[in-house]
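Comments concern the structure below.
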Amino acid sequence: MMLKRWHWLLPVLSTALLYGVAYGISDYVFNVAIVTRRIPADFAALLALSLLLFALSRRTSLFLVLQALLIGTLYVGSAAKSAITGRPLMPEDIYSLDAFIKLMGPLGWLVAGLPALLILALFIGNLRFRGRLRQSILLIASGLFLSAGAGSIGLVDWMDHLWGDKPWDQRENYVWRGGTIHVLQELVRTVALATPAPTPEEVGQAIARRLAAADLTAPAGHRRNVHVVLEESFWDPAPLTAAGLRQSPLDPRFLALWQAAGHSTAMSPAFGGQTANAEFEVLCGFPLAQGAVRFEQPMNDNLPCLPRVLGQAGYRTVASHPNIPGFWNRQVSYARLGFETFWSIGDFVLDDMTSIFLSDASLHRQVAEKLKASDDGRPVFDYTVTYYGHWMYDVDDKRPLLGEALSHVDEVNRYVSVVHWKSREMMDAIERWRRDDPDAVIVVFGDHLPLLGKNLAGYAESGFLGGEADHVSPQIQARATQTPLIVIDGRHGPLPLGSLPMYRLPALLLALVDAPQKSVANLAAAPAGLTLRPLPGHVVGIDAAGQPFLCQGDDASGPCKEVARWHDDIDLLAHDIFAGNGHAVARVSGDAADLAAIAKP
């Protein structure tokens with residue numbers, strides 16, 4: 001009997017030891033430390049979880065391995081992710097696990113894939129159901145889970161009141177909650193926010209409210225080819241003053257063209273990664289304000305996105321990206337969005353590589369050759385996602401380090417060189433299009449700002465990002481979304497567009513070509529005089545005078561009350577269109593067949 005009593009001290013001691021080790025690594029290696037006065041509550045939650053797992057375990061040794069993996073994931077994993085991306089581990093990251101492993105290769109399996117598989121295998125394989133105590137614990141745990149789901153809204157409110165919630169700053173949430181409480185709180189929130197598909201009445205009311213800003217009339221443009229290039233991590237590094245650049249690393253031809261475009265910028269939903277979310281907005285015309293990648297989540301078939309609308313107007317629609325086709329679930333998602341052709345890594349000759357990345361020069365050349373060889377007389381919507389320039393910003397003998405940057409952050413020095421080569425090869429492609437296809441619409445933009453060091457070090461040394469005011473300053477929030485944007489209207493030249501949220505590009509393109517279909521993307525138009533960029537937990541706006549503003553939490557000042565109504569309507573319509581029953585599509589198009597098509601499971 002005495003031995004059994006001492007036996008229960010094991011999970012207490014192991015929890016304390018592993019918690020201390022994980023906390024030390026998080027603080028020392030990644031500079032992410034939980035607020036001291038919140039440690040007791042977080043440790044108590046972790047201890048309760050550990051005791052539950054211990055009570056249900058067959059073997060103590062397997063329990064200790066499982067516990068070490070869980071604590072390492074909850075604390076060290078979240079600290080590492082926070083340092084790199086500014087956001088700790090979240091429940092929705094499960095959708096991105098496969099893409100992360102594919103991107104990182106063997107390292108991805110080592111730090112994410114194998115630990116995830118081991119946690120699952122150890123949890124299931126080490127469960128022990130025999131005995132009244134264990135059966136009672138399972139019954140109580142199941143009851144708590146079901147009751148939490150049934151009353152999750154109230155539970156979330158209680159947890160938010162007790163431990164706080166800043167949805168626009170998940171790193172701050174993490175350090176004020178601790179790893180265990182943070183994950184539990186966000187898991188409950190995920191359950192709470194799961195809502196049924198909107199009804200036809202709800203969709204109709206939302207559309208009626210949005211029609212004041214929407215334009216569903218036929219475009220006035222004329223039919224011509226459309227070339228859209230998403231440039232991986234493309235951004236102007238001029239604000240990085242600590243790098244000591246004597247001149248811009250961007251190609252002078254690009255700088256001149258960008259100046260003619262009024263230095264227009266695209267406002268991205270992503271930062272440092274999640275390219276597919278920028279793609280979703282540019283192709284589907286609705287904003288995203290989430291950490292999860294939309295392509296990795298359930299989506300309807302036959303979506304009314306730009307490729308399908310152009311395809312129905314007689315266009316040939318082609319997507320090109322020299323990566324494996326399953327990355328970010330592109331192969332499946334592109335088909336649902338309406339692309340009839342997708343050229344991925346197996347369709348290109350890997351003749352000009354830097355590390356694992358096909359050069360932009362080779363990519364643009366090969367896409368042009370393939371389009372010419374397969375020309376069937378239709379105008380083309382040519383959509384290309386580049387791959388060179390992805391973090392870690394590799395250089396080689398052909399595209400060497402320029403040696404001009406003097407930053408203390410190595411990623412900055414490499415990035416400055418990479419963006420130089422990217423801008424040169426981009427301009428070569430643009431000049432070819434303008435020479436050979438002068439009436440074409442050409443769109444080039446960066447998908448998001450680059451990752452530049454741990455804890456935004458590359459930005460912080462120049463005072464651009466990484467300060468205490470980041471999450472309360474509208475100016476900082478706005479500039480953290482803005483990447484170069486050039487839209488060339490054929491022979492009319494580049495268009496000065498100011499700051500354009502990426503989800504507004506489809507409506508713009510449909511207005512420039514002969515595509516008479518009504519588009520649901522127009523429903524996402526912001527209220528008159530406002531430019532709105534939804535982000536997780538808040539909306540960054542620019543008013544009619546060009547001044548940035550921020551709407552977060554329950555703020556109803558200035559335009560924020562109207563912004564909140566717009567955001568609620570857009571969320572409801574997006575849910576209906578992309579994962580619901582498609583009532584908005586049928587109402588906008590006036591075609592019941594569209595409703596039947598999009599409602600497929």
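Determine whether V444 is within 20 Å of E231 (Cβ to Cβ) and buried (at least 23 other Cβ atoms within 10 Å of the Cβ). In short, yes.
Residue pairs whose Cβ atoms lie under 9 Å apart, sitting 6 or more positions apart in sequence or on different chains, and linking a residue in segment 106-120 that is closer than 16 Å to D93 by Cα to a partner that is assigned to a helix (DSSP H, G or I) and of a type in the set (G, A, S), are V111/G77; V111/A80; A112/G77; P115/G72; P115/G77.
A search for C-beta distances below 6 Å between a residue of segment 359-376 that is more than 13 Å from D428 (Cα to Cα) and any residue that is buried (at least 19 other Cβ atoms within 10 Å of the Cβ) and of a type in the set (G, A, S), counting only pairs 6+ apart in sequence or on different chains, returns V367/S320.
G463 passes every criterion in (1) among the small types (G, A, S); (2) surrounded by 23 or more Cβ atoms within 10 Å (Cβ to Cβ); (3) out of contact with any helix residue (DSSP H, G or I) (no Cβ under 6 Å at 6 or more places or on another chain); (4) over 30 Å from A524 (Cα atoms) apart from (2). For segment 289-331, a residue qualifies if it is in a strand (DSSP E or B) and farther than 17 Å from A276 by Cβ, and the qualifying residues are R316, T317, V318. Residues in segment 250-267 include at least one that is of a type in the set (D, E), in the same structural domain as L452 (by TED's automatic domain parsing) and either crowded, with 24+ Cβ neighbours inside 10 Å or modelled with pLDDT of 95 or more (or both). When segment 268-282 is examined, which residues are found to be modelled with pLDDT under 95 and aliphatic (A, V, I, L, M)? Once the filter is applied, which keeps residues that are modelled with pLDDT under 95 and aliphatic (A, V, I, L, M), segment 268-282 yields A270, A276. Please work out if A278 is in a helix (DSSP H, G or I), in the same structural domain as P379 (by TED's automatic domain parsing) and surrounded by fewer than 18 Cβ atoms within 10 Å (Cβ to Cβ). No: the conditions fail for A278. Condition check: under 26 Å from R414 (Cα atoms) and not in a loop (DSSP other than H, G, I, E, B). Does L363 satisfy that? The answer is yes for L363. The numbered conditions (1) surrounded by fewer than 17 Cβ atoms within 10 Å (Cβ to Cβ); (2) farther than 15 Å from P88 by Cβ; (3) in contact (Cβ under 8 Å) with a residue 24 or more places away in the chain are all true for T36 except (3).
Take segment 229-249 and flag every residue that is on the phi > 0 side of the Ramachandran plot and buried (at least 23 other Cβ atoms within 10 Å of the Cβ).
S233
Of (1) under 21 Å from the mean Cα position of the chain (by Cα); (2) closer than 20 Å to A278 by Cα, L497 satisfies all except one. Which? Exception for L497: condition (1). Restricting segment 302-344 to residues that are without any contact (Cβ under 8 Å) to a residue 40 or more places away in the chain and among the hydroxyl-bearing types (S, T, Y), the residue that is surrounded by the most Cβ atoms within 10 Å (Cβ to Cβ) is Y334. Taken over segment 60-92, the criterion of being out of contact with any Asp or Glu (no Cβ under 9 Å at 6 or more places or on another chain), surrounded by fewer than 19 Cβ atoms within 10 Å (Cβ to Cβ) and at pLDDT below 90 is satisfied by I84, T85. Does segment 377-385 include one or more residues that are without any contact (Cβ under 8 Å) to a residue 60 or more places away in the chain and surrounded by fewer than 21 Cβ atoms within 10 Å (Cβ to Cβ)? Yes, segment 377-385 has at least one match.
Cβ-Cβ below 7 Å, separation at least six or inter-chain, first residue in segment 524-536 and at pLDDT 90 or above, second charged (D, E, K, R) and surrounded by fewer than 19 Cβ atoms within 10 Å (Cβ to Cβ): which pairs? Short answer, once both residue conditions are applied: P527/E562; G529/D543; L530/D543. Might you let me know whether segment 349-357 holds any residue that is in the same structural domain as L512 (by TED's automatic domain parsing), within 19 Å of E232 (Cβ to Cβ), touching a residue at least 12 places away in the same chain (Cβ under 8 Å) and assigned to a strand (DSSP E or B)? Yes, some residue in segment 349-357 is in the same structural domain as L512 (by TED's automatic domain parsing), within 19 Å of E232 (Cβ to Cβ), touching a residue at least 12 places away in the same chain (Cβ under 8 Å) and assigned to a strand (DSSP E or B). Taken together, V191, V228, V156 contain a single residue that is modelled with pLDDT of 85 or more and either of a type in the set (K, R) or not in a loop (DSSP other than H, G, I, E, B) (or both), which is V228.
The values are calculated or read from the model by the stated rules, or taken from the named source; none is laboratory data. Nothing here was measured: the structure is a model prediction, and the numbers come from that model. Counting neighbours? That spans all protein chains shown, and the Cβs are built from the backbone with ideal geometry, glycine included.
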